[in-house]
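A.B. asks: Below are the structure tokens for one structure; questions will follow.
The values are calculated or read from the model by the stated rules, or taken from the named source; none is laboratory data. Fair warning: this is a prediction, and the values are worked out from it, not measured in the lab. Because the Cβ atoms are built from the backbone with ideal geometry, glycine has one as well, and the counts that use them run over all protein chains shown.
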Amino acid sequence: MSQTVADPPRSGPPQDPHVSEVAHTPVWVTVTRWVLIALTIGVLAYAAQQAIEAGAWLIVIVVAFIAMSVLVVYSTRRFIPLKYLLPGLILLLLFQMWPIVYTAATAFTNYGDGHTLSKEEAISAIQAQSVRQDPDAPRYGMSVAVPEGATVQNGELSLLLTVPPAEDAGELEEGAEEGIGAAELGENVTADGFQLFVGTEEGLEPLAAEGVEVRGNGTIGAAPGYRVLNLMEANQRAQEVQDFAVPVGEDGAAVKPATTSQAFVGQPTISYDEENDVMVTAEGKRYVAQDGNFVPEDGQGAVLPAGWTENVGFDNFLTIFTDPTFRGGFLKIFLWNLAFPLLSVASTFILGMLLALLFNDPRLKGKGIYRSLLILPYALPIFVTGLVWAAMFNQQFGLINEVTGLNVNWLGDPWAARAALLITNLWLGFPYMFLITTGALQSIPNDVKEAAAVDGAGPVRTLVSVTMPLLLVAVGPLLVASFAFNFNNFTLIYLVTKGGPFDSGNSLVGNTDLLINFAYRLALESGQPNIGLASAVSIVIFMLVGAISYIGFRQSAALEEVN
Amino acid sequence: MKRTTGAVAIASAAALLLSACGDTADTADEPTTAAEDDAAAEDDTATETEDAAAGDDAAATSEGAAPAASDGTSLVIWADDLRAAALEDVAATFEEETGVPVTLQVVANENLREQFKDSVGAGAGPDIAVGAHDWLGELVQNNVVAPVQLSSDLAGQFTPESVEAFTYEGQTYGVPYSVESLALIRNTALAPELPASMEALVETGQQLVADGEAELVMAQELGQEGNAYSMYPYLAAYGGGIFPVLEEGGFDSTEVIIDSEETVQGGEKIAWLAEEEALSVSIDASNAIPQFVEESTAFLVSGPWAIQQITEAGIDYEITSMPDFEDGGETTPFLGVQGFYVSAESQNPQIAQTFVQEYVSRADVQVSLYEAGDRPPALVEAYDQVSQGNTDIEAWGQAAEGGTPMPNIPQMNAVWGPLGKATADIATGDDPAERLATAQSEVEAAL
């Protein structure tokens, strides 16, 4: 931003930038620029419109902010450096900073399985889930209707209900035509024996049978004074229909829609007492809000299923550093998490470098072929090779034990499993090291080596004192990057050992787990996936990788200064 | 490696962005796409229903489908590829009879549970998802599924275990369509005689290995990390298991009985089987069925999912219930039930309920779903129909008979891991009583 302050004096007479702009810029450039700006704003406005419809206010704000920045930066000549930086800056903020902020925010909540809802949602979910069907009550045939002349969208809803004739009334039907309609059952019964009702939010009323048409599936197709909605029309108001309840009886029982053509009698068995913030069951058992769940006040029985997200402050971080399983596990995992990338980088680099030195020898023929063959492991997708290696390490059927005649329990013994991972990673990683060292070796001028030879240095001395230091300058930062990559090499561990083997009695902390695998297990695979806790672990990992990378890059920068 | 880093970075950034603002972005997209689909489908549906109305009056009016154009309505169903294929006819029937267009979306089986949970949690997702009953507790806990109020008549037409499987805390949340369990699959060329007991099975298997006709006594998934589902028949053989079975059906999840005497007795059988080389941690999901297909073993303990590979290989086989132990231990596999869930966030709740209650429960639909998955239907009428003269289905049905569905409480997620690892350790020589006691305390801590 400091440039923007310095800009105006350079970019022409500050009192009237527009004049100078028009004078110096061809018309078509200006036109194109404004068309592009207009297009961008148009697209953003459309996105904002969508977001408003969805009620996503955060997105609306972000979009508006981007639109304003675009307008401000590109419409004038004031912010020339920002014109180049803005796209990158926006992407950086959206794709890098936002996830970090979001993860950090999640780390202070209990968000996770069973705690994904807001408290209001949880309360209504518990009530909706508690609706029990009255097994003795009849199942009604149901049609949704609005008063005749009203529109589908706004008409007051009512349910037209039918109760089919009782089964033993089947014989009655034929012989009793004179009986049914008038005397015996009242005027809300059709000639076929269907009892008809109208259900509103107030209650259930009989519906006069005259003029009512009952369809083959036992629902009302037409009734005087009502407009029966068809499936599609009724579905326009599906949410209202879903919440519709026709009260019957005194204890909260109601006729509710079950499908598009059936209704059932049921009642919620749990209600929410807003004043005391407790849920009360029909039997009077009370559940109090505690730690994002409704738990039984008397301590007996299970918590109510749906819970909600709430802030837990530093609890997740406290768990990481105080819970004994965690603390012990974390330290063990951390040590392996340091050893694995260090050993991986060292082993792959040494093998890669030796091969590169070998293939760099001018006397070797067919280097092109060898080199392309060596790149193969690097070119194959790890999702294939990882699983193949896992199968090869199988104790009983695996290729490795079969070929070597050993009987090592590769994936069942902690140390063997660690070795298996290092072997796999060596195979996967050396081509990369081979590639970068080959490149670096070719850029080392021959005259320094010749000078060393003139000074009387043998091949080993030349390698150690001349080639290596020059090589490390070039590949040093790449080694640090490779370390950082392997520090979080989730895929390899997941595909080959899944973090196992596990010590008995501790299925949370695996012997070959990296921190990231541990976080994944916590977040997604453990009994009750706990995203909040996993976010906290991620933040700790983030800090660790940041610190290590910082130290690493400073070290490699130090190397540079030597030369 | 660097290339991978870049890819991972982009993928994770995209994933994070999606998860961060995807919830709202999705809801914004969903109605638009649905509306577009409908606009395209509108004409078809309108003509279809008109034709139906003209041709067959009863069919058109029975579900109240007047020849009206659809308006922003489409029933979205998520299922894996096999089931989606089987549902195509049902969807067509439903469309024809109700005029509601159905969109079948294929979601890979292993992602379905997670995606269903996440997308409904974000206010989007399908109206209906096809899945296993043991997801239920987790789905209820996160308010992903809506109750399905089955009439008692209808519920009575299914096998009692299958309806019970979809019941959580007294509420039913799904309509079952198939039942599966572990059974013994035997290569009849290698072992013509049906072993009368596990002991006899081991003996026959060992004899075949000694004769050089087979390489393994038996193949059953276990793996380095163990497998509590696969080992449960043994653990529960003497009345033990994870939770005590209630007399009225279902489990009492307040008590854990992993370290009970009965479970330990079952655990000792696992140790014995491993000692006799019938079980091995080297056999896991990736190689159990292939071992049988390659005729390396005469016996495979697996489920209906294994049959396709076996028939493709042209092996003569017979399915029977898992044999019991000579000392009276009755192997008791878990039942897995597949069924239809209705999303709690469905935009078409009554239509979705109509589909699961009035269509999925039809015998012809259950039969066509059976044809896609080779698992016995949960609807008694459909089961009777397909098991006629089909020995496979009869055998699967018998294997499932009287079994207990896997517990559907969300806490089961905390049981599978520790108990599975215990079974692997027992198979590699740990003392069953001690190891199950550790598992017990770990599970209790997690519950």
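A.B. asks: Can we say A:ASN293 is within 14 Å of chain B (Cβ to nearest Cβ) and over 30 Å from A:ASN486 (Cα atoms)? Lay out the reasoning, then the answer.
C.D. replies: Numbers: within 14 Å of chain B (Cβ to nearest Cβ): yes; over 30 Å from A:ASN486 (Cα atoms): yes.
In short, yes.
A.B. asks: Now a separate question. Go through region A:271-328 and report how many residues are part of a loop (DSSP other than H, G, I, E, B) and either in contact with a Leu (Cβ under 9 Å, 6 or more places away or on another chain) or of a type in the set (A, V, I, L, M, F, W, C) (or both).
C.D. replies: Of region A:271-328, the ones part of a loop (DSSP other than H, G, I, E, B) are A:274-277, A:282-285, A:291-292, A:297-307, A:309-310, A:312-314, A:323.
Filter once more, keeping what is either in contact with a Leu (Cβ under 9 Å, 6 or more places away or on another chain) or of a type in the set (A, V, I, L, M, F, W, C) (or both): A:282, A:302-304, A:306-307, A:309, A:312, A:314.
Final tally of qualifying residues: 9.
A.B. asks: Could you go through region A:332-349 and let me know if any residue there is farther than 19 Å from A:ILE548 by Cβ and surrounded by fewer than 16 Cβ atoms within 10 Å (Cβ to Cβ).
C.D. replies: No, there is no match, as no residue in region A:332-349 is farther than 19 Å from A:ILE548 by Cβ and surrounded by fewer than 16 Cβ atoms within 10 Å (Cβ to Cβ).
A.B. asks: Taking region B:114-136, which residues are touching a strand residue (DSSP E or B) at 6+ places or on another chain (Cβ under 6 Å), in a helix (DSSP H, G or I) and either surrounded by fewer than 18 Cβ atoms within 10 Å (Cβ to Cβ) or within 11 Å of chain A (Cβ to nearest Cβ) (or both)?
C.D. replies: Listed by number, the residues that qualify are B:VAL120, B:LEU136.
A.B. asks: While we're looking at this one, here's another question. Output yes when any residue across region B:207-224 is without any contact (Cβ under 8 Å) to a residue 12 or more places away in the chain and not assigned by TED's automatic domain parsing to the domain that holds B:GLY314, and no when none is.
C.D. replies: No: region B:207-224 contains no residue that is without any contact (Cβ under 8 Å) to a residue 12 or more places away in the chain and not assigned by TED's automatic domain parsing to the domain that holds B:GLY314.
A.B. asks: Out of curiosity, is A:LEU387 surrounded by 14 or more Cβ atoms within 10 Å (Cβ to Cβ) and in the same structural domain as A:LEU533 (by TED's automatic domain parsing)? Explain how you work it out, then say what you get.
C.D. replies: Values: surrounded by 14 or more Cβ atoms within 10 Å (Cβ to Cβ): no; in the same structural domain as A:LEU533 (by TED's automatic domain parsing): yes.
In short, no.
A.B. asks: Does at least one position in region A:486-493 carry a residue that is surrounded by 21 or more Cβ atoms within 10 Å (Cβ to Cβ), within 11 Å of another protein chain (Cβ to nearest Cβ) and farther than 14 Å from A:VAL345 by Cβ?
C.D. replies: no
A.B. asks: Name the residue that is modelled with the lowest pLDDT, counting only residues in region A:511-563 that are buried (at least 19 other Cβ atoms within 10 Å of the Cβ) and assigned to a loop (DSSP other than H, G, I, E, B).
C.D. replies: Selected residue: A:GLY527.
A.B. asks: How about region B:416-431: which of its residues are within 24 Å of the chain's Cα centre (by Cα) and closer than 14 Å to B:VAL281 by Cα?
C.D. replies: Kept after step one, since they are within 24 Å of the chain's Cα centre (by Cα), are these residues of region B:416-431: B:416-424.
Answer for region B:416-431, where residues must be within 24 Å of the chain's Cα centre (by Cα) and closer than 14 Å to B:VAL281 by Cα: B:GLY420, B:LYS421, B:ALA422, B:THR423, B:ALA424.
A.B. asks: Here is a list: A:ARG286, A:ARG215, A:ARG237. Which entry is touching a residue at least 60 places away in the same chain (Cβ under 8 Å), among the basic types (Lys, Arg) and over 30 Å from A:SER535 (Cα atoms)? Lay out the reasoning, then the answer.
C.D. replies: Numbers: A:ARG286 fails: touching a residue at least 60 places away in the same chain (Cβ under 8 Å); A:ARG215 fails: touching a residue at least 60 places away in the same chain (Cβ under 8 Å).
Criteria check complete, one pass: A:ARG237.
Conditions (1) crowded, with 18+ Cβ neighbours inside 10 Å; (2) more than 14 Å from chain B (Cβ to nearest Cβ); (3) assigned to a helix (DSSP H, G or I), marked per residue:
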position: A:ILE66; (1), (2), (3): yes, no, yes
position: A:PRO81; (1), (2), (3): no, yes, yes
position: A:PRO87; (1), (2), (3): no, yes, yes
position: A:LEU94; (1), (2), (3): no, no, yes
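A.B. asks: Spot the failing condition for B:ILE351; the list is (1) over 14 Å from B:ALA86 (Cα atoms); (2) without any contact (Cβ under 8 Å) to a residue 24 or more places away in the chain, and only one is missed.
C.D. replies: Exception for B:ILE351: condition (2).
A.B. asks: Applying the selection to region A:235-257, what residues are facing another protein chain (nearest Cβ under 7 Å) and over 16 Å from A:LEU204 (Cβ atoms)?
C.D. replies: Going residue by residue through region A:235-257, those that are facing another protein chain (nearest Cβ under 7 Å) are A:235-236, A:238, A:241-242, A:257.
Residues satisfying the conditions are A:ASN235, A:GLN236, A:ALA238, A:VAL241, A:GLN242.
A.B. asks: While we're here: Please go through region A:287-331 and give me each residue that is over 20 Å from A:ALA536 (Cα atoms) and crowded, with 20+ Cβ neighbours inside 10 Å, ordered by number. I'd like the intermediate steps shown before the answer.
C.D. replies: First pass over region A:287-331, keeping only residues over 20 Å from A:ALA536 (Cα atoms): A:287-290, A:293-307.
Hits for region A:287-331 are A:TYR287, A:ASN293, A:PHE294, A:LEU304, A:PRO305, A:ALA306, A:GLY307.
A.B. asks: Ok, one more. Does region A:440-452 include one or more residues that are free of Cβ contacts under 8 Å to residues at least 60 places away in the same chain, within 9 Å of chain B (Cβ to nearest Cβ) and either buried (at least 16 other Cβ atoms within 10 Å of the Cβ) or over 30 Å from B:LEU222 (Cβ atoms) (or both)?
C.D. replies: no
A.B. asks: Name every residue in region B:86-113 that is within 21 Å of A:THR259 (Cβ to Cβ) and outside any helix (DSSP H, G or I), in order of residue number.
C.D. replies: Let us first name the residues in region B:86-113 that are within 21 Å of A:THR259 (Cβ to Cβ), namely B:87, B:89-104.
The answer is B:GLY99, B:VAL100, B:PRO101, B:VAL102, B:THR103, B:LEU104.
A.B. asks: So for region A:455-474 (the condition being under 30 Å from the mean Cα position of the chain (by Cα), under 24 Å from A:PRO431 (Cβ atoms) and assigned to a helix (DSSP H, G or I)), does at least one residue qualify? So that I can check it myself, show each step before the final result.
C.D. replies: Looking only at region A:455-474, we keep the residues that are under 30 Å from the mean Cα position of the chain (by Cα), and these are none.
Checking region A:455-474: not a single residue is under 30 Å from the mean Cα position of the chain (by Cα), under 24 Å from A:PRO431 (Cβ atoms) and assigned to a helix (DSSP H, G or I).
A.B. asks: Considering B:GLU199, B:GLU164, which residue is modelled with pLDDT under 90, more than 25 Å from B:ASN348 (Cα to Cα) and more than 14 Å from chain A (Cβ to nearest Cβ)? Steps first, please.
C.D. replies: On the way: B:GLU199 fails: modelled with pLDDT under 90.
The match here is B:GLU164.
A.B. asks: Of the numbered conditions (1) within 27 Å of B:ALA91 (Cα to Cα); (2) in contact (Cβ under 8 Å) with a residue 24 or more places away in the chain, B:SER387 satisfies every one except a single condition; which is it?
C.D. replies: Unmet for B:SER387, out of (1) within 27 Å of B:ALA91 (Cα to Cα); (2) in contact (Cβ under 8 Å) with a residue 24 or more places away in the chain: (2).
A.B. asks: Can you confirm whether region A:407-430 contains a residue that is touching a residue at least 40 places away in the same chain (Cβ under 8 Å) and either farther than 30 Å from B:LEU222 by Cα or not assigned by TED's automatic domain parsing to the domain that holds A:GLY352 (or both)?
C.D. replies: Applying the first criterion (touching a residue at least 40 places away in the same chain (Cβ under 8 Å)) to region A:407-430 yields A:411-414, A:417-418, A:420-422, A:424-430.
Of the ones still in play, those that are also either farther than 30 Å from B:LEU222 by Cα or not assigned by TED's automatic domain parsing to the domain that holds A:GLY352 (or both) are A:429-430.
Within region A:407-430 (the criterion being touching a residue at least 40 places away in the same chain (Cβ under 8 Å) and either farther than 30 Å from B:LEU222 by Cα or not assigned by TED's automatic domain parsing to the domain that holds A:GLY352 (or both)), the answer is yes, since at least one residue qualifies.
A.B. asks: If you go through region A:200-208 one residue at a time, do you hit one that is surrounded by fewer than 18 Cβ atoms within 10 Å (Cβ to Cβ), out of contact with any Phe, Trp or Tyr (no Cβ under 9 Å at 6 or more places or on another chain), facing another protein chain (nearest Cβ under 8 Å) and in contact (Cβ under 8 Å) with a residue 12 or more places away in the chain?
C.D. replies: Checked against the condition, which is being surrounded by fewer than 18 Cβ atoms within 10 Å (Cβ to Cβ), out of contact with any Phe, Trp or Tyr (no Cβ under 9 Å at 6 or more places or on another chain), facing another protein chain (nearest Cβ under 8 Å) and in contact (Cβ under 8 Å) with a residue 12 or more places away in the chain, region A:200-208 yields no hits at all.
A.B. asks: Taking region B:411-447, which residues are within 17 Å of B:GLU261 (Cβ to Cβ), among the hydrophobic types (A, V, I, L, M, F, W, C) and facing another protein chain (nearest Cβ under 8 Å)?
C.D. replies: Those that are within 17 Å of B:GLU261 (Cβ to Cβ), among the hydrophobic types (A, V, I, L, M, F, W, C) and facing another protein chain (nearest Cβ under 8 Å): B:ALA422, B:ALA439.
A.B. asks: On the given criteria, is A:PHE502 within 24 Å of A:ASN409 (Cα to Cα) and in contact with a Lys or Arg (Cβ under 6 Å, 6 or more places away or on another chain)? Give the derivation first.
C.D. replies: Working: within 24 Å of A:ASN409 (Cα to Cα): yes; in contact with a Lys or Arg (Cβ under 6 Å, 6 or more places away or on another chain): yes.
Here the answer is yes, as A:PHE502 does meet what is asked.
A.B. asks: Inspect all residues belonging to region B:359-382 and state whether any of them is closer than 30 Å to A:ASN530 by Cβ, under 21 Å from the mean Cα position of the chain (by Cα) and modelled with pLDDT under 85. Break it down stepwise before answering.
C.D. replies: Of region B:359-382, the ones closer than 30 Å to A:ASN530 by Cβ are none.
Looking for residues that are closer than 30 Å to A:ASN530 by Cβ, under 21 Å from the mean Cα position of the chain (by Cα) and modelled with pLDDT under 85, one finds none in region B:359-382, hence no.
A.B. asks: I need the helices (runs of 4 or more DSSP H) fully contained in region B:361-447, keeping only those with at least 3 residues that are more than 29 Å from B:VAL140 (Cβ to Cβ) and among the aliphatic types (A, V, I, L, M). Give the steps one after another, and end with the answer.
C.D. replies: Working: elements: B:363-373, B:380-387, B:391-400, B:413-427, B:432-446.
By residue number, B:413-427, B:432-446.
A.B. asks: Restricting attention to region A:403-426, and to residues there that are among the aliphatic types (A, V, I, L, M) and out of contact with any Phe, Trp or Tyr (no Cβ under 9 Å at 6 or more places or on another chain), which single residue is nearest to the other protein chains (Cβ to nearest Cβ)?
C.D. replies: Just the residues of region A:403-426 that are among the aliphatic types (A, V, I, L, M), to begin with: A:403, A:406, A:408, A:411, A:416-417, A:419-423, A:426.
Remaining after also requiring out of contact with any Phe, Trp or Tyr (no Cβ under 9 Å at 6 or more places or on another chain): A:403, A:406, A:426.
Working: A:VAL403: 16, A:LEU406: 14, A:LEU426: 12 Å.
So the residue we want is A:LEU426.
A.B. asks: Take B:GLY329 and tell me if it is in contact with a Lys or Arg (Cβ under 7 Å, 6 or more places away or on another chain) and under 28 Å from B:THR188 (Cβ atoms).
C.D. replies: Details: in contact with a Lys or Arg (Cβ under 7 Å, 6 or more places away or on another chain): yes; under 28 Å from B:THR188 (Cβ atoms): yes.
Criteria met by B:GLY329.
A.B. asks: For region B:91-122, name all the residues that are of a type outside the set (A, V, I, L, M) and farther than 16 Å from B:SER74 by Cα. Steps first, answer last, please.
C.D. replies: The first filter runs over region B:91-122 and keeps only residues of a type outside the set (A, V, I, L, M), leaving B:93-99, B:101, B:103, B:105, B:109-111, B:113-119, B:121.
Scanning region B:91-122 gives B:ASN109, B:GLU110, B:ASN111, B:ARG113, B:GLU114, B:GLN115, B:PHE116, B:LYS117, B:ASP118, B:SER119, B:GLY121.
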